[in-house]
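Enquirer: Starting off with a structure, shown below.
The values are calculated or read from the model by the stated rules, or taken from the named source; none is laboratory data. Please read all numbers here as calculations on a predicted model, not as lab measurements. For neighbour counting, all protein chains shown are included, and Cβ atoms are generated from backbone atoms with ideal geometry for every residue, glycine included. Surface areas here come from the heavy atoms of the whole protein model, side chains and all, with no ligands, DNA or RNA. Shrake-Rupley method; radii C 1.70, N 1.55, O 1.52, S 1.80 Å.
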Amino acid sequence: MPDPLGSFAYTWPFYAAAVLGYLIGSIPFGVLLTRLAGLGDIRAIGSGNIGATNVLRTGRRGLAAATLVLDAGKGAAAALLGAYYGPDTGVLAAGGVVLGHCFPVWLRFRGGKGVATGLGALLGLQPLVGVVACAIWLLVAGLARYSSLAALCTFASVPVLAWWLVDLQHAELGGFMAVVVIARHAGNIVRLVRGEEGRISLARKPAPPPE
């Protein structure tokens, strides 16, 4: 990784990778899809989060799946685009895309929690780490039925996975992702401790009665 205080003539591609990743991550697919579907602002529903888990609370499973795919897809796209120019720019783009999703400039820096986007970035940058991380999420979510707990366990393990399977630089990226994702789940951690956290449900919301 280059010295960030070095010559701008040398370091500008690395800054560009981080900024481009941030801008890609800032695309709020959950907000856009729910508005297009006539459901209003997803930030006024459920937890107020813009990610797929909250979109699922509308009862629209297809819409939640589309949000999940697009959020993960932008993470993978940013990581792959950055990695095309080298491993350092790949790491910076992956970190930037997670920051962009969590703190999007278009939504006054109030975004999602970075889980799908972070997993997508890992799949694009280091597929083996991404696949193992996804498997951990599915295992914990399937056993405990808490999306937040699955996210916390997954990203807490990512730095170790990246160090073991790749190298120190990717472990540092994993540590950065873990800090951001865990910090964004602060409220969920409190609810988990209190036993108040909502479980994952795939049931559709009942249709409103006819007027």
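Enquirer: Among the numbered criteria (1) touching a helix residue (DSSP H, G or I) at 6+ places or on another chain (Cβ under 8 Å); (2) more than 16 Å from MET177 (Cα to Cα), which one does LEU36 miss?
Expert: The failed condition is (1).
Enquirer: In segment 14-43, what residues are more than 30 Å from THR89 (Cβ to Cβ) and either touching a residue at least 60 places away in the same chain (Cβ under 8 Å) or part of a helix (DSSP H, G or I) (or both)?
Expert: THR34, ARG35, LEU36, ILE42, ARG43 - these are the residues of segment 14-43 that are more than 30 Å from THR89 (Cβ to Cβ) and either touching a residue at least 60 places away in the same chain (Cβ under 8 Å) or part of a helix (DSSP H, G or I) (or both).
Enquirer: What are the residues in segment 153-188 that are open to solvent by less than 20 Å² (accessible area, probe 1.4 Å) and among the small types (Gly, Ala, Ser), if any?
Expert: ALA162, ALA171, GLY174, ALA178
Enquirer: Go through segment 79-123 residue by residue and tally those that are within 13 Å of the chain's Cα centre (by Cα) and farther than 20 Å from VAL55 by Cα. Break it down into steps so the answer makes sense when it comes.
Expert: Here is the first cut: in segment 79-123, the residues within 13 Å of the chain's Cα centre (by Cα) are 79, 94-104, 111-123.
Filter once more, so that each one left must be farther than 20 Å from VAL55 by Cα: 79, 94-97, 99, 121-123.
Looking only at that region, the number is 9.
Enquirer: Among the residues of segment 139-154, is any within 15 Å of the chain's Cα centre (by Cα), closer than 22 Å to LEU56 by Cα and at pLDDT below 95?
Expert: Within segment 139-154 (the criterion being within 15 Å of the chain's Cα centre (by Cα), closer than 22 Å to LEU56 by Cα and at pLDDT below 95), the answer is yes, since at least one residue qualifies.
Enquirer: Please specify each residue of segment 47-60 satisfying the condition of being open to solvent by less than 50 Å² (accessible area, probe 1.4 Å) and under 21 Å from PHE109 (Cα atoms). If you could, list the steps in order and put the result at the bottom.
Expert: Taking segment 47-60 and keeping what is open to solvent by less than 50 Å² (accessible area, probe 1.4 Å), we get 48-52, 54-56, 58-59.
Answer for segment 47-60, where residues must be open to solvent by less than 50 Å² (accessible area, probe 1.4 Å) and under 21 Å from PHE109 (Cα atoms): GLY48, ASN49, ILE50, GLY51, ALA52, ASN54, VAL55.
Enquirer: Still on this structure, please answer the following. How many residues does segment 135-152 contain that are assigned to a helix (DSSP H, G or I), surrounded by 17 or more Cβ atoms within 10 Å (Cβ to Cβ) and not aliphatic (A, V, I, L, M)?
Expert: Within segment 135-152, the first condition is being assigned to a helix (DSSP H, G or I), and the residues that meet it are 135-144, 147-152.
Then keep just the ones that are surrounded by 17 or more Cβ atoms within 10 Å (Cβ to Cβ); that gives 136-137, 140-141, 147-152.
Narrowing further to those that are not aliphatic (A, V, I, L, M): 137, 147-148.
Within segment 135-152, residues that are assigned to a helix (DSSP H, G or I), surrounded by 17 or more Cβ atoms within 10 Å (Cβ to Cβ) and not aliphatic (A, V, I, L, M) number 3.
Enquirer: Restricting attention to segment 61-120, and to residues there that are at positive phi and not aromatic (Phe, Trp, Tyr), which single residue is surrounded by the most Cβ atoms within 10 Å (Cβ to Cβ)?
Expert: Looking at residues that are at positive phi and not aromatic (Phe, Trp, Tyr), I get GLY114.
Enquirer: Please work out if VAL158 is touching a Phe, Trp or Tyr at 6+ places or on another chain (Cβ under 9 Å), under 13 Å from GLY174 (Cα atoms) and assigned to a helix (DSSP H, G or I).
Expert: Numbers: touching a Phe, Trp or Tyr at 6+ places or on another chain (Cβ under 9 Å): no; under 13 Å from GLY174 (Cα atoms): yes; assigned to a helix (DSSP H, G or I): yes.
For VAL158, the condition - touching a Phe, Trp or Tyr at 6+ places or on another chain (Cβ under 9 Å), under 13 Å from GLY174 (Cα atoms) and assigned to a helix (DSSP H, G or I) - is not met.
Enquirer: Show me the helices (runs of 4 or more DSSP H) found entirely inside segment 44-131 where at least 1 residues are under 18 Å from ALA183 (Cα atoms) and in contact with a Ser or Thr (Cβ under 6 Å, 6 or more places away or on another chain).
Expert: Correct list: 52-56, 87-102.
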